1. So, in the stretch 14-29, how many residues would count as being in a helix (DSSP H, G or I), within 19 Å of residue 54 (Cβ to Cβ) and either at pLDDT 75 or above or under 22 Å from the mean Cα position of the chain (by Cα) (or both)?
2. Listed residues 93, 75, 102; which is in a helix (DSSP H, G or I) and touching a residue at least 24 places away in the same chain (Cβ under 8 Å)?
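The values are calculated or read from the model by the stated rules, or taken from the named source; none is laboratory data. This structure is a prediction, so every number in the text was calculated from the model and none was measured. A quick note on method: Cβ atoms are made from the backbone with ideal geometry, for glycine too, and the neighbour counts reach across all protein chains shown.
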């Protein structure tokens, strides 16, 4: 039995840090992970490994999303985040666009007319009524 954290520290091995649920300390380790998770043939093999989902969720909390964005679908990246982090950085108008069409149909026309034109156009296309 090997304690990965100890070996990773002793050998200064960034890839072992990843496997020990640690953070990647170098760009090379983040790139390697993105390549392994993103490559279709290796992605299938890696996803079949026991505990892969747990390791991936842990890494998503420790690595910057930019490191994994080219390799993972956006849905998968966001799946591990709580709702408040998923919408962080969005304007209130952009958050409104996340609402289901049924909710958008309930909003008063006066409110909808107060929104920026690009948001109104998207809502108009989704709910099928002029604003």
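1. Summing the residues that are in a helix (DSSP H, G or I), within 19 Å of residue 54 (Cβ to Cβ) and either at pLDDT 75 or above or under 22 Å from the mean Cα position of the chain (by Cα) (or both) in the stretch 14-29 gives 5.
2. Residue meeting the stated conditions: 93.
Every residue, every condition in (1) on the phi > 0 side of the Ramachandran plot; (2) at pLDDT 70 or above; (3) surrounded by 15 or more Cβ atoms within 10 Å (Cβ to Cβ), yes or no:
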position: 9; (1), (2), (3): no, yes, no
position: 12; (1), (2), (3): yes, yes, no
position: 39; (1), (2), (3): no, no, no
position: 60; (1), (2), (3): no, no, yes
position: 68; (1), (2), (3): no, no, yes
position: 84; (1), (2), (3): no, yes, no
position: 90; (1), (2), (3): no, yes, no
